[in-house]
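In what follows, a single structure is set out as structure tokens and then discussed.
The values are calculated or read from the model by the stated rules, or taken from the named source; none is laboratory data. This structure is a prediction, so every number in the text was calculated from the model and none was measured. Every residue, glycine as well, gets a Cβ built from its backbone with ideal geometry; the counts of neighbours run over all protein chains shown.
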Amino acid sequence: MKFLKFVPVLMVVGIALMACGGSSPAAPAGKKIALLLPEATTARYDSKDMPFFKAKLSALCAACTLIYSNAKQDAPTQQTQAEAAITNGASVIVLDPVDGAAAAAIVTKAKAKNIPVISYDRLILGTADVNYYLSFDNAAVGALQGNALLTALGSKVQPTIVQINGDPGDNNAKLFKQGAHSVLDGKVKYGKEYDTPGWKPDNAQTEMQGALTALNNKVDGVLAANDGTAGGAIAAMKTAGLKPLPPITGQDAELAAIQRILAGEQTMTVYKAIKAEAEAAAELAYDLAYGITVSSTLNTGKTVDNGKAPIKSVLLTPVAVTKANIQATVVADGFWTKADICTTAYAAACTAAGIS
């Protein structure tokens, strides 16, 4: 039922992004737009965010040039990439920070050259004079995960869970953690809790191995902040011989996670409509580059405080995905196709789940 409410919102956003704001492909001269993404461990950035952003920017402005860099989870590298984009004449920087606090220095350098900065997906913190923040309601992501885990745990009283959070330098990870705790506190026992450097699955696997040793393999559920950390935790539990696997959450609707859900190894993931997010960022960047009045769709009146000031914000709505609604969410949106998901190993599970 939640998704039925969500789909029209996405449709409205998608239509509005195409129709509103005065944006036009017939720009008088090309501009350079920089898209700086944080890491490649999570599959979404290179495979989804960048292609969707690039396609939308090309539709809006055939003469515009995309300056794209991925920092591979290294803040100094991202600093160097940003400086190169500024030197290369970027008119707008769309920045998804490796480290939200360290990225303030990038904003300062951009503003010295009168270059607007959009904080994309993750919030740039501290002294940063950011023009816009465009993301999802990230505390709601953690709440979705917490509620899904409680549902999967059923009637167990004070079940013991392991909570594997994201990178401590990522402000989104703090919000996911906050949202999960808002649901779980008082209802579960935290056997172990970790913050996972770099969001790396290998780190999550090591954390889960340590938790299993400390808890003598007695774990009722796992709150994993994203699909990569879920995969690491699942690997550790399989190695330890846990059968059946306890309920475990995820996020990002990665293909491997969708297949794990079908196989009964992962309980849920959180789907964030990256296409809507990336396209909104491209339109916002275009409008700022050409001094066009930002559309009412993007000028929502919402703000998020980054520690310096309330930042104009666009916050999209995340959706919980389980085996029951894979077809109605990621398949219906074209995020993954049946061919992507239903390889030979998962064909029977796809049929049982009604994926077509």
Note on segment 182-197: residues buried (at least 19 other Cβ atoms within 10 Å of the Cβ) and assigned to a helix (DSSP H, G or I) are 183, 184
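Anything in segment 291-305 that is among the β-branched types (Val, Ile, Thr) and in contact (Cβ under 8 Å) with a residue 24 or more places away in the chain? List them, or say none. Even if it seems obvious, please write down each step before you answer.
Of the residues in segment 291-305, the ones among the β-branched types (Val, Ile, Thr) are 292-294, 297, 300, 303-304.
Hits for segment 291-305 are 292, 293, 294, 297, 304.
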Of the residues in segment 248-261, those that are out of contact with any Leu (no Cβ under 6 Å at 6 or more places or on another chain), in a loop (DSSP other than H, G, I, E, B) and not charged (D, E, K, R) come to 250, 251, 253
Being polar (S, T, N, Q) and assigned to a strand (DSSP E or B) is the filter; apply it to segment 115-140 and report the residue that is nearest to residue 65 (Cα to Cα).
119
Within segment 213-226, work out how many residues are touching a residue at least 40 places away in the same chain (Cβ under 8 Å) and either closer than 19 Å to residue 264 by Cβ or assigned to a helix (DSSP H, G or I) (or both).
6
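Would you check which residues across segment 198-212 are charged (D, E, K, R) and assigned to a helix (DSSP H, G or I) and list them?
Restricting attention to segment 198-212, the residues satisfying the condition of being charged (D, E, K, R) are 200, 202, 207.
Scanning segment 198-212 gives 202, 207.
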Restricting segment 141-166 to residues that are outside any strand (DSSP E or B) and touching a Lys or Arg at 6+ places or on another chain (Cβ under 8 Å), which is nearest to residue 212 (Cα to Cα)?
159
Does segment 301-356 hold any residues that are assigned to a helix (DSSP H, G or I) and either exposed (fewer than 15 other Cβ atoms within 10 Å of the Cβ) or among the aromatic types (Phe, Trp, Tyr) (or both), and which are they?
324, 338, 339, 340, 344, 345, 346, 347, 348, 351, 352
Which listed residue is crowded, with 22+ Cβ neighbours inside 10 Å, touching a Ser or Thr at 6+ places or on another chain (Cβ under 8 Å) and either small (Gly, Ala, Ser) or modelled with pLDDT of 95 or more (or both), from 257, 281
257
